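Right, one structure below, let's go through it.
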Amino acid sequence: MSVAATTSPAVGTLYVSPSPRSRGMPRVTMALRSNVVSVGSILTKLQQDCATPLPIIRHVADSMTADMRAGLAVDGGSNLKMILSYVDSLPSGNEKGLFYALDLGGTNFRALRVQLGGKEERVVATEFEQLSIPQELMFGTSEELFDFIASTLAGFAQKESEKFHLPHGRQREIGFTFSFPVKQTSIDAGILMKWTKGFAVSGTAGRDVVACLNEAMERQGLDMRVSALVNDTVGTLAGARYWDDDVMVAVILGTGTNACYVERTDCIPKLQGPKSSSGRTIINTEWGAFSDGIPLTVFDRDMDVASINPGEQIFEKTISGMYLGEIARRALVTMAGEGSLFGRAVPNKLSTPFALRTPDICAMQQDNSDDLQAVGSILHNVAGVTYTILPLL
């Protein structure tokens with residue numbers, strides 16, 4: 001690769017001749033301005049605002065602990081809902097039979113079936129399908145979303161192979177993993193409190209989501225019964241407990257974030273009525289709504305203001321897959337505008353909200369090649385940025 005450079009007090013422009021393996025790629029031009037130092041200052045400020053020295057970590061931990069206790073004391077006692085799951089016992093490994101599972105966890109939707117064979121055989125067979133939720137359904141109606149789910153589930157059930165066996169006279173049972181804040185009223189019923197993770201489906205808030213699914217399955221002629229409604233964290237804890245009796249906590253870091261844990265019933269003042277025979281139950285913290293003391297950058301704040309739920313789900317917006325790519329995009333736009341990071345203008349595609357996704361950021365972060373080919377490809381294809389990496393002299 002050959003490089004020729006011309007400079008002036010204001011601008012230095014580098015024209016890079018493509019190497020043989022990059023023939024056919026767009027000609028690369030990179031403009032370097034005297035105010036490029038502002039890019040460094042932006043990064044330094046970002047690093048300072050993101051810093052989590054021990055005193056801040058202790059404050060955040062103490063604040064979360066206080067919110068957890070307040071949420072256990074009374075409904076609405078804190079930003080952490082500390083929702084009762086009505087799951088008072090966990091798998092032992094002795095379970096046998098055919099079971100279905102449905103997971104609406106965010107932007108992805110999964111259907112799964114499993115044949116369990118007890119302690120000796122454990123998991124005999126599994127099959128699953130995964131689909132992305134169409135963007136229009138995330139902002140559509142409740143009936144449209146649940147009809148899509150039920151239709152996909154019906155198609156999946158029709159492809160059940162001979163590896164799976166349902167005892168004669170038994171109805172297929174399904175566990176419904178629904179990863180949004182729900183006020184559960186029993187093991188198989190729960191009222192949606194609000195949508196999160198970028199969803200804004202109309203006609204669902206305040207309704208029993210199991211009833212919504214049952215109605216959609218009836219419209220599809222699907223003979224299944226929802227035997228359990230659980231949050232994805234509760235499902236994760238149950239799945240891990242199937243293999244390890246010592247598991248007590250589950251954490252989700254995906255499109256959103258959440259955690260659940262096993263709590264003693266005598267430590268839950270808001271739990272009224274008969275206590276479980278085990279003396280324990282699983283608490284769904286809904287910790288994505290936590291906010292007290294979390295370090296926030298200007299990019300975090302700007303993204304929150306522009307979101308569909310300003311002021312809510314602050315912890316989730318700072319660490320989860322739905323938002324990390326957008327935070328990085330906003331930082332790049334600022335560096336491009338104020339520091340001419342990509343030349344004289346901000347690339348149009350980079351100016352589009354959520355054009356840069358968290359998987360893109362992960363792929364770039366994992367690129368350890370000398371020429372950072374993955375970084376260049378993603379920036380060009382996704383963000384409309386054309387650039388090259390020059391060797392240090």
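The values are calculated or read from the model by the stated rules, or taken from the named source; none is laboratory data. This one's a predicted model, so the numbers in the text were calculated from it and none came from an experiment. A quick note on method: Cβ atoms are made from the backbone with ideal geometry, for glycine too, and the neighbour counts reach across all protein chains shown. Heavy atoms of the whole protein, side chains included, go into the accessibility calculation; ligands, DNA and RNA do not. Shrake-Rupley method; radii C 1.70, N 1.55, O 1.52, S 1.80 Å.
At pLDDT 95 or above, surrounded by 15 or more Cβ atoms within 10 Å (Cβ to Cβ) and among the β-branched types (V, I, T): does that describe I282? Criteria met by I282.
Tell me which residues, restricted to segment 185-203, are more than 23 Å from the chain's Cα centre (by Cα) and open to solvent by less than 20 Å² (accessible area, probe 1.4 Å). Correct list: A189 only. Within segment 240-269, the only residue that satisfies the criterion of being crowded, with 17+ Cβ neighbours inside 10 Å and acidic (D, E) is E263.
Whether a residue is open to solvent by 30 Å² or more (accessible area, probe 1.4 Å) and within 30 Å of M193 (Cβ to Cβ) was assessed, and R357 passes this test. Within segment 285-295, being assigned to a loop (DSSP other than H, G, I, E, B), in contact with a helix residue (DSSP H, G or I) (Cβ under 7 Å, 6 or more places away or on another chain) and open to solvent by less than 70 Å² (accessible area, probe 1.4 Å) holds for T285, F290, S291, G293, I294, P295.
Per-residue answers, yes or no, for (1) of a type in the set (F, W, Y); (2) within 23 Å of the chain's Cα centre (by Cα); (3) modelled with pLDDT under 95; (4) more than 28 Å from I319 (Cβ to Cβ):
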residue	(1), (2), (3), (4)
S340	no, no, yes, yes
N348	no, no, yes, yes
T352	no, yes, yes, no
Q366	no, yes, no, no
A374	no, no, yes, no
S377	no, no, yes, no
N381	no, no, yes, no
L392	no, no, yes, yes
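Could you tell me whether G206 is free of Cβ contacts under 8 Å to residues at least 24 places away in the same chain, surrounded by fewer than 15 Cβ atoms within 10 Å (Cβ to Cβ) and under 17 Å from A101 (Cβ atoms)? It is false that G206 is free of Cβ contacts under 8 Å to residues at least 24 places away in the same chain, surrounded by fewer than 15 Cβ atoms within 10 Å (Cβ to Cβ) and under 17 Å from A101 (Cβ atoms). Taken together, the residues in segment 148-184 that are open to solvent by 80 Å² or more (accessible area, probe 1.4 Å) and assigned to a strand (DSSP E or B) amount to 1.
Given the criteria under 30 Å from D304 (Cβ atoms) and among the polar types (S, T, N, Q), does S142 qualify?
yes
One residue stands out in segment 301-324 among those that are of a type outside the set (A, V, I, L, M, F, W, C) and within 10 Å of the chain's Cα centre (by Cα): the one that is most open to solvent (accessible area, probe 1.4 Å), namely G321. Among the residues of segment 140-184, those identified as in contact (Cβ under 8 Å) with a residue 12 or more places away in the chain and of a type in the set (S, T, N, Q) are T141, S142, S151, T152, S161, Q171, T177, S179, Q184.
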